[in-house]
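The values are calculated or read from the model by the stated rules, or taken from the named source; none is laboratory data. Since the model is a prediction, treat every value here as computed from it, not as a measurement. With ideal geometry, Cβ positions are generated from the backbone for all residues, glycine too; neighbour counts draw on all protein chains shown.
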Amino acid sequence: MGKLQQLVNSIQVLQEQSKALEPNSGQRHYFTQAVNEYADEFLTHIHDKAAYIDGDGKELYQLPIQEMGRDIHNVLAILNQAVDTPGLNPASGGYLGYIPGGGIYHAALGDYLADVSNRISALYYLNPGAVRMENLLIRWMADLIGYPGTAGGNLASGGSISNLIAIVTARDAHRLKCKNFNKTVVYLSEQVHHCVDKSLRIAGLGEVIKRYVPLDNDYRMIPHQLARMIAADKAAGLQPWLLIASAGTTNTGAIDPLVALNQIAKLHQLWFHVDAAYGGFFILTPQGKQLLQGIETADSVVLDPHKGLFLPNGLGVVLIKDKQHLLRAHSFDASYLEDAQDDSDQLSPAELSPELSKHFRGLRLWLPLQLLGVAPFRAALNEKLLLAQYFYQQLLTIPGMELACEPQLSVVTFRYVPLQGDPNNANQNLLASIRRNGRVFLSSTNLNGRIYLRLACLSFRTHLDLIDYTLSMIKHYIGEYYEFAA
Ligand SMILES: *Cc1c(COP(=O)(O)O)cnc(C)c1O
């Protein structure tokens, strides 16, 4: 056999062995059917499932990665036991802790299609339609918050990365220089999401001076205190640079006074950033629109469709009022992408974010919006606001219940103060009992040394029955510990 023939034979053997990577129609049907049955089973029972179950996922060790593949039914059985059972079930309507996400089915179908076709949504010239779709969605969200035509943005993997992109953009827009970092000042609130602090460090800005603006009784920044701090910093020769406000804090859902804060930011030429990862999409409701007034004045805004639009995890959005700043901070030159130049008005995600190859995230948002329209999203968001009000009103009728503040959005922060004993212990016990029961999942927080429980209502599967159930459980456990009945 000649050398070339040997080569051809080897290639043919390998081609045969790797054939499994391309299942034929019958095999595809077999896999899809198994996966569909699994998903159906999961969704059919989702309304009765616990929001939290103890476990450690160690069943996964039963399936070490090996040379040969396994039957899908065995694999899905382990997936169910190890991954889709223990821990938090974020798909459950009983998930009322932290900030719940969603997982609407239509988005999963969008992901499926994006994965099958694997279109490259990073560069316009490679896939004009995919990039145009993402730009169209960014424009839709820019319109929602009242941004002008100059705005641009990026679909990122979540709110944390979106905040990072905004901070890097603000850094470059103000041409901050390393040697001045320790004279540069950021103004924020103690209630800001921890990812902001992380982003500052990742952006190389760990040395900047952080000023925590005092808060009012509803955990919102006090504008005249901000003005006072900026004046003092300027007098001391420092460089005020960035103001970070929240439109819906994680702890209490507080919305900082955006209009007043913006006026101060503009007066002193600060970049004004609003983290609306949790609260932003409430702008679809009349009440939210009222509460979020002034968001359009920000230089940058972060929204999380995987929270406020009930999508599965993996989609956050950063919007920049003047997209040139976003472009300047993220554009690139690459010899192997020289043919990527085009004169389209469509900017490409690769020029506007740290990513190149990325998941085609647009489809998981575009498909649900096309199939459902905006109306059901608006209704669900409105329902969440009312459920939080209902829960709050009901809590007020329970003796010993103390509310951190009136809910502005859909987070209710409360604690039980027993007649005797340490309130922090009481609330830790209450939370532990609720977790042990598992049907609903609440989280806790610490406000000025006091432990509070939080109910965050943002799952599209949370309805009145579960809120009533939560109330009855709270009353039950309080009664158990403190021989108290409401
Ligand atoms: C959830 C949240 C974040 C972080 O977003 P991820 O999508 O979890 O990365 C940032 N800020 C606020 C206000 C949030 O609620």
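Quick notes
Here's the yes/no breakdown for (1) part of a helix (DSSP H, G or I); (2) under 19 Å from Ile165 (Cα atoms); (3) in contact with a strand residue (DSSP E or B) (Cβ under 8 Å, 6 or more places away or on another chain); (4) within 13 Å of the ligand (Cβ to nearest atom):
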{"residue": "Asn251", "(1), (2), (3), (4)": "no, no, yes, yes"}
{"residue": "Val259", "(1), (2), (3), (4)": "yes, no, no, no"}
{"residue": "Asn262", "(1), (2), (3), (4)": "yes, no, yes, no"}
{"residue": "Asp275", "(1), (2), (3), (4)": "no, yes, yes, yes"}
{"residue": "Phe282", "(1), (2), (3), (4)": "yes, no, no, yes"}
{"residue": "Glu296", "(1), (2), (3), (4)": "yes, yes, no, no"}
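- Filter result for Leu226 (over 23 Å from Tyr452 (Cα atoms), surrounded by 16 or more Cβ atoms within 10 Å (Cβ to Cβ) and among the hydrophobic types (A, V, I, L, M, F, W, C)): yes
- Glu338, sole failed condition from (1) modelled with pLDDT of 95 or more; (2) out of contact with any strand residue (DSSP E or B) (no Cβ under 8 Å at 6 or more places or on another chain): (1)
- Checking Leu311, Leu303, Leu270, Leu291 one by one, the residue that is in contact (Cβ under 8 Å) with a residue 24 or more places away in the chain, out of contact with any helix residue (DSSP H, G or I) (no Cβ under 6 Å at 6 or more places or on another chain) and under 20 Å from Glu383 (Cβ atoms) is Leu291 and no other.
- Condition met for Gly204 (surrounded by fewer than 24 Cβ atoms within 10 Å (Cβ to Cβ), more than 16 Å from the ligand (Cβ to nearest atom), among the small types (Gly, Ala, Ser) and closer than 26 Å to Val374 by Cβ): no
- For the range 369-400, the tally of residues that are closer than 22 Å to Pro286 by Cα, of a type outside the set (Gly, Ala, Ser) and assigned to a helix (DSSP H, G or I) stands at 17.
- Residue match in the range 109-130 (condition: modelled with pLDDT of 95 or more, within 23 Å of Thr297 (Cα to Cα) and not polar (S, T, N, Q)): no
- Scanning the range 208-219 for residues that are more than 19 Å from Cys195 (Cβ to Cβ), in a loop (DSSP other than H, G, I, E, B) and touching a Ser or Thr at 6+ places or on another chain (Cβ under 8 Å) turns up just one, Asp218.
- Flag if Glu207 is among the acidic types (Asp, Glu) and touching a strand residue (DSSP E or B) at 6+ places or on another chain (Cβ under 7 Å): no
- From Glu67, Glu59, residue being exposed (fewer than 13 other Cβ atoms within 10 Å of the Cβ), free of Cβ contacts under 8 Å to residues at least 24 places away in the same chain and farther than 22 Å from Phe441 by Cα: Glu67
- Cross-chain or 6+ apart pairs with Cβ under 9 Å, the range 235-259 first and at positive phi, then polar (S, T, N, Q) and within 15 Å of the ligand (Cβ to nearest atom): Gly248/Gln408; Gly248/Ser410; Gly253/Gln408; Gly253/Ser410; Gly253/Thr413
- If only residues of the range 230-249 that are under 22 Å from the mean Cα position of the chain (by Cα) and of a type in the set (Val, Ile, Thr) are counted, the one that is nearest to the ligand (Cβ to nearest atom) is Thr249.
- For the range 172-190, a residue qualifies if it is within 22 Å of Gly279 (Cβ to Cβ) and surrounded by fewer than 20 Cβ atoms within 10 Å (Cβ to Cβ), and exactly one does: Glu190.
- Within the range 99-134, the only residue that satisfies the criterion of being in a helix (DSSP H, G or I) and touching a strand residue (DSSP E or B) at 6+ places or on another chain (Cβ under 8 Å) is Glu134.
- Matching residues in the range 145-171 - criterion: being within 14 Å of the ligand (Cβ to nearest atom), of a type in the set (A, V, I, L, M), buried (at least 21 other Cβ atoms within 10 Å of the Cβ) and within 24 Å of Arg364 (Cα to Cα): Leu155, Ala156, Leu164, Ile165, Ala166
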